[in-house]
């Protein structure tokens with residue numbers, strides 16, 4: 001038995017597999033979705049054409065394709081709420097009764113929503129519900145019986161996306177002529193229109209849900225993430241998904257990721273070996289080392305290998321070694337033609353976040369996170385050192401400005417501004433970094 005098996009954060013779940021009797025049984029039932037329970041939608045400019053301070057139901061005009069897009073979300077079992085700033089109430093441009101009449105007309109044209117959340121304040125009121133503040137998002141999540149982290153908000157301006165991110169939700173920007181270029185540049189997820197936003201939400205929701213279980217029970221799964229510590233950590237949810245459906249999990253990682261690998265729940269054994277086609281400063285290829293690695297991988301006796309990579313990396317060199325090691329079922333993301341090296345060639349669109357990208361590969365291989373295990377960072381409690389005594393009680397913000405890749409590092413001047421803003425807001429800030437990052441920290 002694994003040493004971490006008694007911890008509910010770390011043990012495998014019988015909800016995903018009832019051992020071998022469920023393997024090969026066909027399609028997987030649909031328990032709670034892995035990513036989203038609900039979609040929150042801005043009103044003006046997103047669902048309907050933006051008529052400033054509108055209190056007249058006759059002026060309600062849905063954006064093109066809105067009804068069909070919303071019906072797709074409803075058919076997928078997602079709950080829907082409208083989250084809208086209506087400062088016209090505070091300014092006296094329309095009454096509450098007139099606003100309700102507009103909302104009734106919206107539902108007449110677009111179907112019923114599960115909740116309406118309205119901020120009636122102006123910017124000068126200093127409320128916590130007017131977007132970009134997160135109050136409406138949190139309130140909508142509570143009304144819908146979920147949490148903000150399991151919601152995605154669709155809106156047409158930067159305030160909408162900022163409110164989503166401040167609450168811990170995902171945010172999709174659907175630009176209109178009033179959307180500023182800097183808002184589009186700052187948004188991490190942009191869709192051309194509401195139907196396109198809905199299509200991508202549903203695609204991402206489905207991508208992390210296996211369509212079928214493996215045809216044979218997975219006794220030993222080999223998972224691979226040979227990269228830096230951060231890359232290993234963000235693959236944690238996908239590794240837990242594999243662990244939920246396999247009796248034993250062996251992780252192959254590189255020297256730079258070994259410390260992080262030691263912290264991951266769901267891993268029974270770790271093999272550390274540098275891969276010259278992955279490492280940023282590789283040495284010469286050593287044929288004897290490659291032969292030794294191939295033999296070591298063969299000794300694992302894996303039924304299945306799942307090779308996780310970043311978008312700019314290739315899984316095919318390792319897939320060749322895995323084939324030579326006798327592993328008969330290999331899954332990886334590959335845009336390049338894999339020939340006979342992959343049994344599951346998975347593809348992911350550009351721009352999908354790394355944790356979600358990895359979860360979609362695990363799903364393609366037949367694995368999903370069990371109910372109750374959210375797709376977030378989890379660490380083995382027995383592997384995390386105690387908090388330094390001089391930090392005091394929990395409740396501080398950790399800022400790590402450095403990065404193994406300099407292009408991803410936070411510039412020192414920006415890190416300084418972030419720390420200042422957090423400190424001014426009353427937060428305690430703890431800055432971390434490695435020995436070679438003292439100049440930054």
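The values are calculated or read from the model by the stated rules, or taken from the named source; none is laboratory data. Fair warning: this is a prediction, and the values are worked out from it, not measured in the lab. Because the Cβ atoms are built from the backbone with ideal geometry, glycine has one as well, and the counts that use them run over all protein chains shown.
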Quiz item: Any residue at all in the range 276-286 that is farther than 18 Å from residue 354 by Cβ and not in a loop (DSSP other than H, G, I, E, B)?
Solution: no
Self-check item: Every pair of residues 6+ apart whose Cβ atoms lie under 6 Å, when the first sits in the range 291-310 and is surrounded by fewer than 16 Cβ atoms within 10 Å (Cβ to Cβ) while the second is at pLDDT 95 or above
Solution: 298/325; 298/326; 301/220
Quiz item: For residue 135, all conditions in the list (1) touching a strand residue (DSSP E or B) at 6+ places or on another chain (Cβ under 9 Å); (2) closer than 25 Å to residue 71 by Cβ; (3) buried (at least 18 other Cβ atoms within 10 Å of the Cβ) hold save one; what is the number of the exception?
Solution: (2)
Quiz item: What number goes with the only condition from (1) in contact with a strand residue (DSSP E or B) (Cβ under 6 Å, 6 or more places away or on another chain); (2) surrounded by fewer than 16 Cβ atoms within 10 Å (Cβ to Cβ); (3) more than 19 Å from residue 45 (Cβ to Cβ) that residue 92 does not pass?
Solution: (1)
Exercise. With the checklist (1) farther than 20 Å from residue 149 by Cβ; (2) in contact (Cβ under 8 Å) with a residue 24 or more places away in the chain; (3) in the same structural domain as residue 311 (by TED's automatic domain parsing) in hand, flag the one item residue 357 doesn't pass.
Key: (1)
Exercise. Name the one entry in 267, 232 that is touching a residue at least 12 places away in the same chain (Cβ under 8 Å), part of a helix (DSSP H, G or I) and surrounded by 22 or more Cβ atoms within 10 Å (Cβ to Cβ).
Key: 232
Quiz prompt | strands (runs of 3 or more DSSP E) contained in the range 25-142 and holding at least 1 residues touching a residue at least 12 places away in the same chain (Cβ under 8 Å) and closer than 22 Å to residue 204 by Cβ | solution = 38-41, 79-85
Exercise. For residues that are closer than 17 Å to residue 227 by Cβ, without any contact (Cβ under 8 Å) to a residue 60 or more places away in the chain and under 19 Å from the mean Cα position of the chain (by Cα), scanning just the range 330-352, find the one that is surrounded by the fewest Cβ atoms within 10 Å (Cβ to Cβ).
Key: 333
